[in-house]
């Protein structure tokens with residue numbers, strides 16, 4: 001009996017220690033801008049929706065017939081999606097540009113203008129020969 005309790009206690013302690021992993025403090029600064037990309041934003045929106053659905057599900061215990069109020073789950077999910085979208089939009093809109101991001105955007109804009117001038121008939125001088 002004592003051996004079984006000791007084994008269970010050791011199992012619980014070993015699982016509660018967790019698996020060591022790389023912490024956020026060890027990531028280089030260059031990858032910090034990549035961590036706010038579309039994948040993270042989409043994950044934030046989806047998890048906010050799931051959290052809203054769980055909150056909608058938790059309201060069902062307050063009704064006498066919860067099967068009549070299952071729409072609370074969908075409403076909670078919808079509110080969570082809306083809140084998650086508003087949050088990610090706000091975070092992206094208020095994020096300052098670093099000097100390298102701004103310079104790279106300016107370079108791409110200049111390249112686009114140059115390509116448009118070269119590919120289109122920007123300077124149509126009509127220098128053809130007709131006989």
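Please treat every number below as a calculation from the coordinates, not as lab data. Treat the numbers as computed from the prediction; the structure is a model and nothing was measured. Cβ atoms come from the backbone with ideal geometry, glycine included; neighbour counts cover every protein chain shown.
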Review point. Under a plain spin-label model, where a point goes 7 Å from the Cα along Cα-to-Cβ, how far apart in nm are residue 94 and residue 61?
Key: 3.4
Exercise for review: Any chance you could run the full-extension gain for residue 43 through residue 75? It's 0.36 nm times the residue separation minus the Cα-Cα distance, nm to one decimal.
Suggested key: 9.6 nm
Review point. Length gain on complete extension for the stretch residue 54 to residue 85, per 0.36 nm per residue less the alpha carbon to alpha carbon distance?
Key: 9.4 nm
